[in-house]
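Below: one structure, written as structure tokens.
The values are calculated or read from the model by the stated rules, or taken from the named source; none is laboratory data. These numbers come from a predicted model, not from an experiment. As a convention, Cβ positions derive from the backbone with ideal geometry for all residues, glycine included, and neighbour counts pool all protein chains shown.
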């Protein structure tokens, strides 16, 4: 690492589930091409969970940016967060490297899926891409990134 290197040169915001009240259903982030990064970290953010609500999160892989043939990535799911378990206002992180995808079957993209059950709950998700294969990582930020200071 270069001492004067900015964080935005090595890490990029590449996928989101925007912060909001998440209804009781599955919410999927943007699909991220692992051709652009060596690894990603998906950050799950639970806000106030609704009465008796549960929140699950996992990574899925697909063969393209549209989510074609989406399937779970083995071992890439969090332990369920629950309102009964006092899990409101908690975070969880799922790490994944490009080599963990089903490369033999041409799986190239990753997305975060957050599933809320029983009651709507505040939440969000963020995927950060690390170690870009080319240029500063910020070249791969999603369009909703408004500013880098």
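Can you find even one residue in the stretch 99-107 that is touching a strand residue (DSSP E or B) at 6+ places or on another chain (Cβ under 6 Å) and in a strand (DSSP E or B)? Within the stretch 99-107, not a single residue is touching a strand residue (DSSP E or B) at 6+ places or on another chain (Cβ under 6 Å) and in a strand (DSSP E or B).
Restricting to the stretch 100-136, count the residues that are modelled with pLDDT under 95 and either in contact with a helix residue (DSSP H, G or I) (Cβ under 8 Å, 6 or more places away or on another chain) or buried (at least 21 other Cβ atoms within 10 Å of the Cβ) (or both).
From the stretch 100-136, those modelled with pLDDT under 95 are 131-136; that's our starting set.
Narrowing the set further to residues that are either in contact with a helix residue (DSSP H, G or I) (Cβ under 8 Å, 6 or more places away or on another chain) or buried (at least 21 other Cβ atoms within 10 Å of the Cβ) (or both) leaves 131-132, 136.
Counting residues in the stretch 100-136 that are modelled with pLDDT under 95 and either in contact with a helix residue (DSSP H, G or I) (Cβ under 8 Å, 6 or more places away or on another chain) or buried (at least 21 other Cβ atoms within 10 Å of the Cβ) (or both) gives 3.
I need the full set of residues from the stretch 55-98 which are out of contact with any strand residue (DSSP E or B) (no Cβ under 9 Å at 6 or more places or on another chain) and surrounded by 18 or more Cβ atoms within 10 Å (Cβ to Cβ), in order please. Residues satisfying the conditions do not exist here. Tally the residues that are over 12 Å from the mean Cα position of the chain (by Cα) and either crowded, with 22+ Cβ neighbours inside 10 Å or part of a loop (DSSP other than H, G, I, E, B) (or both), restricting the search to the stretch 13-50. Within the stretch 13-50, residues that are over 12 Å from the mean Cα position of the chain (by Cα) and either crowded, with 22+ Cβ neighbours inside 10 Å or part of a loop (DSSP other than H, G, I, E, B) (or both) number 13.
Identify, from the list 71, 58, the residue that is modelled with pLDDT of 95 or more and over 22 Å from residue 23 (Cβ atoms). Exactly one of 71, 58 is modelled with pLDDT of 95 or more and over 22 Å from residue 23 (Cβ atoms), namely 71. Select, from 52, 29, the only residue that is over 11 Å from residue 110 (Cβ atoms) and touching a strand residue (DSSP E or B) at 6+ places or on another chain (Cβ under 9 Å). On inspection, the qualifying residue turns out to be 52.
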